[in-house]
Each structure stands twice: as structure tokens, then as C-alpha cells.
1. Hey, among 82, 16, which residue is at pLDDT below 90 and either over 20 Å from the mean Cα position of the chain (by Cα) or charged (D, E, K, R) (or both)?
2. Can you name the residue in region 16-53 that is open to solvent by 100 Å² or more (accessible area, probe 1.4 Å), assigned to a loop (DSSP other than H, G, I, E, B) and touching a strand residue (DSSP E or B) at 6+ places or on another chain (Cβ under 9 Å) and, of all such residues, is nearest to residue 77 (Cα to Cα)?
3. I'm trying to understand the selection: among the residues of region 40-80, which are of a type in the set (Val, Ile, Thr) and touching a Leu at 6+ places or on another chain (Cβ under 9 Å)?
4. Cβ-Cβ below 6 Å, separation at least six or inter-chain, first residue in region 42-66 and closer than 30 Å to residue 20 by Cβ, second among the small types (Gly, Ala, Ser) and surrounded by 10 or more Cβ atoms within 10 Å (Cβ to Cβ): which pairs?
5. Within region 61-85, take every residue that is assigned to a loop (DSSP other than H, G, I, E, B) and more than 11 Å from residue 26 (Cα to Cα) and give me the one that is least open to solvent (accessible area, probe 1.4 Å).
6. Quick check on my filter: what residues within region 33-85 are farther than 30 Å from residue 11 by Cα and among the β-branched types (Val, Ile, Thr)?
7. Taking the condition β-branched (Val, Ile, Thr), over 21 Å from the mean Cα position of the chain (by Cα) and farther than 30 Å from residue 80 by Cα, does residue 22 pass?
Amino acid sequence: MESDSESATANTASLDYLAIGIPAGKFGFGFGLIPYTSVGYNIIDINEEEGRAGRFSGKGGLNRVFLSAGYAINPNIRLGVDLNY
């Protein structure tokens with residue numbers, strides 16, 4: 001980040017989702033965690049000209065947990081089910 005008078009660096013890392021699939025012959029299984037919403041911020045607003053400062057922060061979110069299973073009847077037809085919470 002850079003402006004006319006200052007510069008700064010920032011580092012961030014995140015894990016967006018986790019999903020694992022396990023093949024087992026004609027069967028297949030999967031499970032994971034996927035975010036629907038994501039809230040995570042910490043903003044500090046300082047305005048020296050007006051003599052005010054503000055801090056805004058938030059955390060949390062809504063996730064989806066899933067479990068899935070499938071079966072290959074033949075090479076062209078497969079059936080599966082997916083459970084979500």
C-alpha cells in the first residue's frame with residue numbers, strides 16, 4: 001500500500017475451504033467444510049484534521065459441512081447422495 005506521503009506492507013493468509021474425496025473401488029466418499037459467508041475485518045480510521053478516530057471490527061461467518069457418497073453402477077451410470085448442514 002502506498003500513498004503520496006507513506007507506504008506500508010501487509011501480509012495475509014487464509015484457508016478458503018477444505019474438501020477430501022476418497023475413492024474406494026466402485027464407491028466414493030467425500031467430506032468437507034465450505035464457507036457460505038465470511039466476516040473478518042479490523043479497520044482503524046484516523047482523521048487528524050478533524051480530530052477523530054474510529055475502529056470497526058468483526059468476525060464470524062456461516063459454513064457448510066458436507067458428507068457425500070457415490071456408487072458406480074457401470075462405467076456410464078453413477079448414483080450419489082450429498083448431505084449438508
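1. Just one listed residue meets the conditions, 16.
2. 26
3. Residues satisfying the conditions are 65, 73.
4. As it stands, the answer is 59/40; 61/38; 66/32, since those pairs meet every condition given.
5. Ranking the qualifying residues of region 61-85, first place goes to 76.
6. Hits for region 33-85 are 73, 77, 81.
7. no
The values are calculated or read from the model by the stated rules, or taken from the named source; none is laboratory data. Just so it is clear, the structure is predicted and the values come from calculations on it, not from any experiment. In this analysis, Cβ positions are derived from the backbone assuming ideal geometry, glycine residues included, and neighbour counts consider all displayed protein chains. SASA here: full protein model, heavy atoms, side chains in, ligands and nucleic acids out. Shrake-Rupley method; radii C 1.70, N 1.55, O 1.52, S 1.80 Å.
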